[in-house]
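The structure appears right after this line, and notes come after that.
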Amino acid sequence: MSFGLDKENAVVQAAIRNAFSKNILMFAAASNSGGNLEVKYPARKDEVTCVYATDGSGNPFDKNPNTMTSSSFHFASLGVGVKSSWPRDLQNPPLKAGEPSERRQTGTSFATPIVAGIAACII
């Protein structure tokens, strides 16, 4: 889950409980709020693996929140300067025909799908 909420959400929580009861692995982005704010929901739930971002050398992303002490599962992965496909309509300035539609993106939301992909390869 590449999103974070300040408060719990009943619909998301029901989906988490349902997935957890079926032994489905879940990963969620920690947040990009830095060390002054807490990990966002749903990453702070015990049923979910909280994902932090690092650069290509394994150094923590400077906007990672502080590491949680209450959650059982934490993981960090590349999340700084991740080469990402990006819709042409959202490029600024607009792309010329034939230009690649890619951007380098940074944050825990970009680390989370990498972690999920690694888990899928292992399983």
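Annotations for the structure displayed:
- The angle between the Cα long axis of helix 108-122 and the main principal axis of the chain comes to about 70°, on a 0 to 90 degree scale.
- Exposed loop sites were defined as trypsin sites (Lys or Arg not before Pro) in DSSP loop states (anything but H, G, I, E or B) carrying at most 13 other C-beta atoms within 10 Å; in the chain the longest segment without such a site runs 23-95.
- Taking all protein chains into account, the per residue accessible area for the chain stands at 62 Å² (1.4 Å probe).
- Here the stretch 17-45 is scanned for amide nitrogen atoms under 13 Å from the site 7 Å beyond the Cα of N66 along Cα-to-Cβ, giving 34-39.
- Using Cβ point charges alone (K and R +1, D and E -1), the dipole size of the chain about the Cα centre works out to roughly 180 debye.
- FRET E, pair S57, S21, Förster distance 41 Å, beta-carbon r, rounded to 0.05: 0.60
- Cross-link pairs K63/K83; K45/K83; K22/K45; K7/K83 - those with Cα-Cα distance over 24 Å: K45/K83; K7/K83
- Length-normalised contact order of the chain in % [C-alpha pairs under 8 Å, at least 6 apart]: 26 percent
- Rounded percent of accessible protein surface that carbon and sulfur make up, the chain, 1.4 Å probe: 55 percent
- Summarising the amide proton neighbourhood of M26: residues at separation of 5 or more, or on other chains, whose placed amide H is nearer than 5 Å comprise T49.
The values are calculated or read from the model by the stated rules, or taken from the named source; none is laboratory data. Here the structure is a predicted model, which means the values were calculated and not measured. A quick note on method: Cβ atoms are made from the backbone with ideal geometry, for glycine too, and the neighbour counts reach across all protein chains shown. Ligands, DNA and RNA are stripped out before the accessible areas are found, and what is left, the full protein with its side chains, is counted by its heavy atoms. Shrake-Rupley method; radii C 1.70, N 1.55, O 1.52, S 1.80 Å.
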